[in-house]
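Peer 1: Take a look at this one; I'll ask things after.
The values are calculated or read from the model by the stated rules, or taken from the named source; none is laboratory data. On a predicted model such as this, the values are computed, not experimentally measured, just so you know. We place every Cβ from the backbone using ideal geometry, glycine too, and count neighbours over all the protein chains shown. With ligands, DNA and RNA removed, areas are computed over all heavy atoms of the protein, side chains included. Shrake-Rupley method; radii C 1.70, N 1.55, O 1.52, S 1.80 Å.
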Amino acid sequence: MFYPTDLPANIIDASPVRILMVEKRVYFYYFAGLLTVGVLLLIFLSYRPNEPFVTVEVNGVKVAAEVADDPVEKTRGLMFRDRLGKNEGMIFPFDVEGYYNFWMMNVQFPLDLVWINSDKTIIDITLNAQPCTVNCPTYTSKEKARYVLEVNGGFVSRNNIAVGAQVNFK
């Protein structure tokens, strides 16, 4: 009677069953690695250290605005947040006035964008920019802006905020 164990070790190691087991193990580790990278990326994007806040006041309405003052925070913005409080927002300060593009990629709720120049005057407003996940439109101001304030969609209309209004930072 013949038994597979009677074969030389190098032939047994190359059997189709052994090769299939090795391939499954490779795919498992590949999938596990991708899953780990995905989880770490999600943690990175949702991590919020103790961000600085500033009070932005316009028309007597005060907004507690988180300051996005570095490239990572400016890129992440309000992505992956479930909500924004009634009088909360995020302010994006830039070193110089310019035309800055914003999109609502992975934002979970509509936003109003208030475009502010160096004189702290509102120069443009984008109302109810809708969240999106694919092929997102970009938004920019009609004039050069130095700051962009993001607040909940409808906030600007509810508070009668208009182009030409002065903004104070505290």
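Peer 1: Provide the net charge surrounding residue 145, with neighbours chosen by a C-beta distance below 13 Å and charges set as Lys +1, Arg +1, Asp -1, Glu -1.
Peer 2: Neighbour charge sum, excluding residue 145 itself: -2.
Peer 1: For labels at residue 120 and residue 73 in the simple 7 Å Cα→Cβ model, what's the distance in nm?
Peer 2: It works out to 1.9 nm between the two label points.
Peer 1: Net charge around residue 136, counting only other residues with Cβ within less than 15 Å of its Cβ (Lys, Arg = +1; Asp, Glu = -1)?
Peer 2: 0
Peer 1: If 36, 126 are ordered by their accessible area, calculated over protein heavy atoms with a 1.4 Å probe, which sequence runs from highest to lowest? Could you put the intermediate results ahead of the total?
Peer 2: Working: 36 75, 126 20 Å².
Putting 36, 126 in descending order of accessible area: 36, 126.
Peer 1: Calculate log10 I(q)/I(0) of the range 115-170 for q = 0.16, 0.20, 0.25, 0.27 Å⁻¹, where I(q) comes from the Debye formula with a single equal point scatterer on each Cα and nothing for solvent.
Peer 2: Listed by q, the Debye log ratios stand at -0.52, -0.78, -1.09, -1.21.
Peer 1: Of the cross-linked pairs 62/144; 74/144; 62/142; 62/86, which ones have a Cα-Cα span greater than 20 Å in the structure shown?
Peer 2: The answer is 62/144; 62/142.
Peer 1: What translational diffusion coefficient, to the nearest whole µm²/s, does the range 58-170 have by Stokes-Einstein, given a Kirkwood radius computed over alpha-carbon pairs, a temperature of 4 °C and 1.567 mPa s viscosity?
Peer 2: Translational D for this selection: 93 µm²/s.
Peer 1: Which value in nm describes the separation of the simple spin-label points at residue 81 and residue 128, placed 7 Å from the Cα toward the beta carbon?
Peer 2: 2.1
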